[in-house]
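The values are calculated or read from the model by the stated rules, or taken from the named source; none is laboratory data. From a predicted model like this one, the values you see are computed outputs, not experimental measurements. Here the Cβ positions follow ideal geometry from the backbone for every residue, glycine too, while neighbour counts run over all protein chains shown. Surface areas here come from the heavy atoms of the whole protein model, side chains and all, with no ligands, DNA or RNA. Shrake-Rupley method; radii C 1.70, N 1.55, O 1.52, S 1.80 Å.
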Amino acid sequence: MFSQPLLTKLRNAESIVAFTGAGMSAESGVPTFRGDQGIWKKFKPEELANFDAFMRNPELVWEWYKARKQIIAAIQPNPGHYALAAMEKHFKHVSIITQNIDNLHRRAGSSTVHELHGNIERNYCIGCGKHYTNEEIFQQDHVPHCPVCNGLIRPDVVWFGELLPDEEWNNSVTAAEHADVFFSIGTSGVVYPAASLPLMAKLSGAYVVEINLEPTDLSQKVNEVILGKSGDVLPQLLLVVKNN
Ligand code: BV8
Ligand code: ZN
């Protein structure tokens with residue numbers, strides 16, 4: 001499953017980066033975006049995951065995010081998440097750069113996680129910026145409002161047309177540029193600027209490996225493609241690293 005060049009790169013590597021998308025959490029029960037039961041099947045991204053849609057119809061957007069919060073609160077990280085967390089014992093630097101808002105990498109024990117698109121466990125008031133937990137907003141039925149300024153509360157995620165959080169983006173670019181081996185895991189690589197990171201890493205000399213159920217737009221541009229479920233491939237990779 002793993003080529004000799006990859007094993008050699010891993011043997012001499014100090015910095016490993018895992019860039020993850022919805023496919024990383026699929027085996028935990030989080031619907032992917034573009035898969036057949038994908039959540040985008042029912043709703044188009046521009047309809048829900050953008051600020052104008054929220055201001056136009058906050059009920060609809062909140063109904064959708066509350067449903068996703070409940071799904072994510074009821075699931076666990078999968079063996080893929082735990083394998084990436086365990087990699088920290090075998091390399092000097094292991095960075096997770098994720099497009100996922102499900103907090104599963106942290107829950108699996110990864111210590112360096114750059115959340116490019118936010119985190120569904122956080123919320124904030126668009127009026128005064130005050131932060132609220134899911135527990136606090138679930139006390140309010142319908143659309144949660146800020147008890148301080150009565151502003152609308154929104155999930156702390158990045159919507160289409162919104163800039164990514166500076167610190168998360170800058171830390172992700174730095175990690176990509178210093179990676180010895182860069183894994184692109186369970187992402188279709190269609191949403192920017194996140195999708196530009198694997199090539200940024202390759203241009204900086206990283207050995208770039210794609211792990212996905214099927215080929216993507218990225219497959220032609222990386223050094224190695226491993227077709228399979230991340231929940232199967234990553235634990236096997238950890239075993240190889242342990243004995244490498
Ligand atoms: C911005 C949070 C500046 C919210 C998300 C350049 C070119 C074209 C368009 C643009 C561009 N630059 C900017 C844009 C616009 C836009 C964009 O990229 N549009 C796309 C659709 C073309 N980008 C933005 O708006 C970004 N902001 O650029 O600001 C700006 C401002 C004004 C005007 C212009 C620019 C903000 C983007 C962030 C949006 N927020 N999420 C929420 O979740 O509710 S994006 C969301 O969708 C995810 O975070 C993720 O990024 C994306 C979904 O992609 P994936 O995670 O890859 O999931 P997908 O289902 O597609 O694929 C899953 C893969 O896994 C598949 O390949 C499958 O085969 C595989 N798989 C499945 N199971 C498994 C598996 N693999 C392994 N194992 C398994 N078990
Ligand atoms: Zn407020």
Mind scanning Lys66/Lys229; Lys89/Lys221; Lys9/Lys92; Lys9/Lys89; Lys9/Lys242 and naming the pairs with a C-alpha gap bigger than 19 Å?
Lys66/Lys229; Lys89/Lys221
Exposure of His93 as accessible area (Å², to 10), given a probe of 1.4 Å and all protein chains:
90 Å²
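Any idea what diffusion coefficient the range 154-207 gets from Stokes-Einstein, in µm²/s, Kirkwood Rh on alpha carbon pairs, 4 °C, 1.567 mPa s?
Working: Rh = 12.1 Å.
The Stokes-Einstein estimate is 107 µm²/s.
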Pairs of alpha-carbon atoms within less than 8 angstrom and 6+ residues apart define the contacts here; what relative contact order does the chain have, in percent?
24 percent
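On average, how much area does the Cα convex hull of the chain cover when viewed from any direction, in nm²?
Working: hull surface 50.8 nm².
Value for the chain: 12.7 nm².
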Between the range 55-108 and the range 143-158, what's the alpha-carbon centroid distance in Å?
22 Å
Most mobile of Asn150, Asn212, Asn119 in a GNM of the chain (Cα contacts under 10 Å)
Asn150
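Using a 1.4 angstrom probe on heavy atoms only, work out the carbon and sulfur share of the accessible area of the range 42-183 in %.
Roughly 53 percent of what the probe reaches on the range 42-183 is carbon or sulfur.
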Accessible area per residue, Å², the chain with all protein chains present, probe 1.4 Å
47 Å²
Helix 230-243: angle to the longest alpha-carbon principal axis of the chain, degrees 0 to 90, nearest 10?
40 degrees
Tell me, what is the 1.4 Å probe accessible area of Thr32, in Å² to the nearest 10?
30 Å²
Calculated from DSSP H runs of 4 or more alone, at -39500 (n - 2.57) each and per residue, what is the 222 nm mean residue ellipticity of the chain, nearest 500?
-10000 deg cm²/dmol
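Treating only the Cβ of Lys, Arg, Asp and Glu as charged (+1, +1, -1, -1), what charge dipole size does the range 146-244 show about its Cα centre? Round to the nearest 20 debye. Display every interim value, and only then the final one.
On the way: 5 positive and 12 negative charges, 41 e Å.
Roughly 200 debye, rounded to the nearest 20.
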Can you give the relative contact order of the range 1-127 as a percent, counting alpha carbon pairs under 8 Å and 6+ residues apart?
28 percent
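Below 12 angstrom from the Cβ of Val173, what's the summed charge of the other residues (Lys, Arg +1; Asp, Glu -1)? Could the numbers behind the result be given before it?
On the way: positive: none; negative: Asp166, Glu167, Glu168, Glu177.
Local net charge: -4.
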